[in-house]
Structures are given as C-alpha cells and as structure tokens.
1. Rounded to the nearest 0.05, what FRET efficiency do A:Ala24 and B:Asp88 give with R0 = 25 Å and r taken as the Cβ-Cβ distance? Could you check?
2. For A:Thr70, enumerate residues with amide H under 5 Å from its amide H, sequence gap 5+ or separate chain, H modeled in the peptide plane.
3. Between B:Phe156 and B:Ala260, how high is the FRET efficiency from 1/(1 + (r/R0)^6) when r is the Cβ-Cβ distance and R₀ = 51 Å? Nearest 0.05.
4. Taking 7 Å along the Cα-to-C-beta vector as the label spot, tell me the A:Arg145-B:Leu68 distance in nanometres, rounded to one decimal.
5. Within 10 Å of each Cβ of A:155-162, how many other protein chain Cβ atoms are there on average?
6. Per DSSP H run of at least 4 residues, take -39500 (n - 2.57); add these up for chain A, divide by its residues and hand me the 222 nm value, nearest 500 deg cm²/dmol.
7. Among DSSP beta bridges whose residues both lie in the range A:12-250, state the antiparallel percentage, nearest 5.
8. Ignoring solvent entirely, what values of log10 I(q)/I(0) come out of the Debye formula for chain A at 0.08, 0.13 Å⁻¹ when each Cα is a single scatterer?
Amino acid sequence: MPEAPPDDRAALHVENVDVTYGRALSALRSVSLTVPPGGVVALLGANGAGKTTLLRAVSGTLRLHRGAITAGSIRYGSTALDGRDPVRAVRAGVVQVPEGRRVFAALTVEENLRTGGLGLGRRRPAQVQEARDRVFTLFPRLAERPRQAAGLLSGGEQQMLAIGRALMAAPRLLLLDEPSLGLAPLMVDRIAEVVREINTQGTAVLLVEQNAGMALSLADHAHVLEVGETRLAGPAAELARTDAVRRLYLGESADGQEAA
Amino acid sequence: MTSLFGDLLDGLALGAVYALVALGFVVVFKASGVINFAQGSLLLFGGYLTAVLHDDLGFAGALAAAVLATALLAGALDRLLFGRGDPDPRTAHVQTIVTIGVDILLLTDLSRRIGGDLLSLGDPWGDSVARIGSVTVADSRLAAIAVSAVAIGAVFALFRYSGWGLSLRAAAEDQEAAALMGVRLGRVRTLAWCLAGALAALAAVFLAAFPAPGLERTTGQIAFKAFPAAILGGMTSPPGALAGSLLIGLTEALVAAHQAELHVLGEGFGDVVPYAVMVLVLLVRPTGLFGAKGAARV
C-alpha cells in the first residue's frame, strides 16, 4: 500500500458524503466541506446533527460503530479516506481527539503520550523527543507529572493530555471533537488559546463544538449541520452575524461573554 | 516427613507453571474479552508435539518447534473466531462458547493419538534431584521455577515497554480511542492469542516432567487450575494472575503435604483446593486481588 508522506500543503476535501449506520440509519446526507492547509474550520450543530459522524468518517472509525460511507468521497491530499481505516488517516497526518477526552485512565501520562505515536510504527527517537518537547511546551502541567495515572488528572488536564496524545503523531490536520465539553470557563479559554497556538505552528484544525462562540472566534470558516445536512456555510465572521446562528447557537444574552 | 521449605519450593514451582497458563488466560481476555476454554487443549497440543518431536530434534529443538506451532495454532484460532474484524466486547460470549467447541475437537483428536500412553517429553532433568541443605528437590521443579521466572519476566517487560503491550493496555481500556491513535486492534489481538499459545506449550513441559509420570491425555485439564488463579487476580491483571497462581500453587503443595492431618476433608482435597481458594478470596474481594485497582475519575 503506497503511503504518501504527510504533505504540508494537503487539504481535506469532503465531497457530497452520505454516512449510514447499520445500513438503515442515515446520519449524513450530501455533506461537503474543505479544510485548507493551515486553516481552522468550525463545525456547529445541535446534538445528533452529525458532527461526530463526520469526524468519524474522516478519522476512519465508522466501522467501530457499524457505519459506512455510502456515497461521496473524502480525500486528504493524495490519500483517499474511506472511513474504515484509522491507521491510514494517522499515517496521512490526520489525527482525531475524541469527544469526552477518553484518555487511558490506568496508564500514566507518559504512557498516554506514547500511545499517540503507535500508528506511525517505528520512529527515530529524535522525532519522538521532538514531538514530546512540543507537547510539554504547550502543556507544562503534563511535564510536571509524567508518572501520574491519567485518570487522576483534572478534567482540563485530561483534555490537555488528549490533545497532547494526538500531537505525538505530529498531525498536519487535527480533528477536535468538543474540546470544551464539561470544562470550567477559564479552562475553555485556555483550550482556545492552545488551539490557536497549535494552528499558528502550522497544523490545520477541524473543530466540532457546541460552544459556538468559542468555535467562531477561532475559525476562518464554519459549517452548520442540521439533522445530517449542511444548513449554513461561510466565513466564520459572517456566520457569527447571521440571525439564525445568533439565535440558535450563540444565545442572545450570553453572546458577549461566549464570543470573548 | 517433609520440610516446610521443601513444600514451599514445590508450591512455588507449581504456582510458577500455573502462572504461565494464567497469563495466557489474562492476555487473551484483555485483548478480546474472550475466556479461552481451549487453553487446556492448546497446552496438550504443545506437549504432544514436544513428545513426538524430541527424538528427531532433541529436547530444545522440539520445545522450540512446539512453542512456535502452538502459538501459530492459537493465532489461527483467533482468526477463526474473529476473522479480520475488530473484537467486539458485546459479543465476546459467543466466541467464548466457540472456544469450548474448539477445545472438545482438539482434545478428542489428541486423546485419540495419545490413547492410554504416558509420553516422555525427553526433558534433560529426568528424575534427578538436587540437595539444598537437608531438603531434596527435583531438578525439574527448580527448572520450572527458573524457566517460568524468565518467561514471566519477559511477558511483563513486553506488557510494560513494547509497542504491542502499550497497544494492548490502551485498547483494553478504550478500543475506539486506541484505534484513533492508529492501534491495529486485530493485529494486537492475534499476537495476544499467539503469546497465550506459546506460554501454554512451555507450561506443558513442566506439567509432564518429574514427578509427574509423563504427558497423558488428561494433562490439559491441569490448565484449569490456572483458571481460578487468573480469576483470583482479577482476570485483566498480569501481576494479579501471578499472585493468584503462586497462592494456589503454594496452597496446593501445603495441602498435599499435610494430607494425613487434613483427612477429615476427604482424599484428594488437594485437587479441590484451587477452587476453594478462589471462592474464599472472591467472597472477600469480588473483583479479585487486583481487579478493583485502577484509577478513574469522571
């Protein structure tokens, strides 16, 4: 199987994708989006709109949920992603941080970070060290407690570990599923800063969020999904001004605080 | 009159061999959620191969071939049960029942081949004994302790440091998160089964060596004494399996040595002891010795 090396100028193209679970339940219908190299794209929508399904289709974990891409195509650079092989996505440079953090609780912080490189096979120690240094620079809190069981970290620290674990694979495109879920407002701000920093270092981000204020403040482009279909799409700043988004996702009263 | 030290050495040897089998139960369960009831017949398969090959290949060669062949057979069994698909914890009971069927098939064929014979495995220790102070110990028991210690140490190191071990521990905790990191779940699982097969073939040697009379068709059943050991340890914990095995081996040896004083409990109580210990421990710690350990915070 030809494995193209991670391509710095690769873009993610999702074209007219349909996803069906168990051959019957249609979760996505003709969804398209593009994440340009180095860009940040936000994916908004209510529970059940299909945001996580889209990420699964890109990262290749649909099969674990008995789902499949039934139409359309997903490409990252020259690599075709069929929704069924996570290793292929990781090797192409696309890594997902799952919703709800999902760190390996009984493993130490150090071991959790090691799992992040497992998809790449054998790597030179220098490469691993470089990835680890980058993670520890971003998250000094993790560097302080490498031998602690991940399950004993606070929620925010676990989110940092989940992101750090994904960064260990040196992704060119990071898929983030609800990174602000269940975190205190201060920690949400911290995570937003981190996402911005990761992006500044050259990694593209596809950000799924219910916290639309945070997502729109980070993203260049945004898409709004509704029951499996694209409802709205456009530049994030424009979307943030549309009535529908303001009413549905930003909330009139919380607008000022959330967009901060 | 046996000495306590001698009994302890016996128990340690027995426990070390049980640990080889119990670790097989644990890695397979951890990797696939399946309780492998075919472990006993895999053990017998490994022992049988060593027995028929040692004339031609010598003991070491025969053992190496048997370990390899049993690992491959266990790996093939894994592929038979799961194909190339990912393990699904929700349907693991189906595969568990299939292993019972596979066990019956394997055991029937091996019993037919072995018949009523006692096969020698051609091990180099024979019935020689060593003296430690005033105690005589069979060389085969000392070898069992030494070889098992090395094998168990290797398994622990694999678990802790190798990419396979890390993948296995991560996948046992959260399959999807492990898959997202690029862990090949199927490959990790198949290798776990291979390891269990290799350990079973190794254990067969010491279960058939002196003071046992040789390999017979019932040797595989001894594997099931390692089963309570694995359960005792919590089923997913290698150190737990080791602790459980040693506990059961020592108890069994001590009971056997003091059979006369324990005759109120009936003859052959030694055979029942593993299960009695398991029940007693589970009464106090329902999740096993190491089962409840694990840090979690929601």
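1. Calculated value: 0.85.
2. A:Asp18, A:Val19, A:Thr20
3. For R0 = 51 Å, the calculated efficiency reads 0.85.
4. In this crude spin-label approximation the distance works out to 4.8 nm.
5. Details: counts 2, 0, 0, 1, 0, 0, 0, 2.
For peptide A:155-162, the averaged partner shielding equals 1.
6. Result for chain A: -9500 deg cm²/dmol, rounded to the nearest 500.
7. 60
8. -0.30, -0.81
Values in this text are rule-based calculations from the coordinates and carry no lab data. These figures come from a predicted structure and were not determined experimentally. FYI the Cβ positions are ideal-geometry reconstructions off the backbone, even for glycines, and counts take in every protein chain you see.
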